[in-house]
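Here is the structure we will look at, set down as structure tokens.
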Amino acid sequence: CDAFFEDMCTSKEIISIAQRYTVAKMLRQKRVYSEIVSKTGASTATVSRVKRMMDGGTGTVSKLLERTGD
């Protein structure tokens, strides 16, 4: 996966994906938006976007978090 993302994404995109994964992990832990924003540096818009994706997306991120124990 590392090689795939390195080939397909810019450094900034990889950082953004990692940030969103951390946001998803914190949302799954029932953390509040203000804490997530403070600890990740993500905007409230990003936190909201990730929350909407987790509530209505394909379920892939939730499955990944489950499988990795995050």
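The values are calculated or read from the model by the stated rules, or taken from the named source; none is laboratory data. Just so we're clear, the structure is a prediction, and the values are computed from it rather than from any experiment. Note: ideal-geometry Cβ built from the backbone for every residue, glycine included; neighbour counts use all protein chains shown. Surface accessibility is based on the protein's heavy atoms, side chains included, excluding ligands, DNA and RNA. Shrake-Rupley method; radii C 1.70, N 1.55, O 1.52, S 1.80 Å.
Accessible area per residue of the chain at 1.4 Å probe, in Å²?
Here the per-residue accessible area is 74 Å².
Starting from the coordinates of the alpha-carbon atoms of the chain, obtain the Kirkwood hydrodynamic radius over all distinct pairs and give the value in Å to one decimal.
12.6 Å
By per-residue mean of other Cβ atoms within 10 Å, what is the highest-first order of 39-47, 61-69?
39-47, 61-69
Tell me which of 16, 1, 46 sits at the most positive position along the dipole axis of the chain, charges placed on C-beta atoms (Lys, Arg +1; Asp, Glu -1).
Result: 46, furthest along the dipole toward the positive end.
Report in % the part of the accessible area of the chain that belongs to carbon and sulfur, leaving out ligands and nucleic acids; probe 1.4 Å.
54 percent
Read phi for every residue in region 63-70 and hand back ³J(HN,Hα) as whole Hz from Karplus 6.51 cos²θ - 1.76 cosθ + 1.60, θ = phi - 60°, with x for Gly and Pro.
Calculated HN-Hα couplings, in order: 4, 5, 4, 5, 5, 8, x, 8 Hz.
Could you work out [θ]222 nm for the chain from helices alone, using -39500 (n - 2.57) per DSSP H run of at least four and dividing by all its residues? Round to the nearest 500 deg cm²/dmol.
Taken over the chain, the calculation gives -24000 deg cm²/dmol.
In debye, nearest 20, what is the charge dipole magnitude of the chain about its Cα centre with +1 on Lys and Arg Cβ and -1 on Asp and Glu Cβ, if you could check?
The calculated dipole for the chain is roughly 420 debye.
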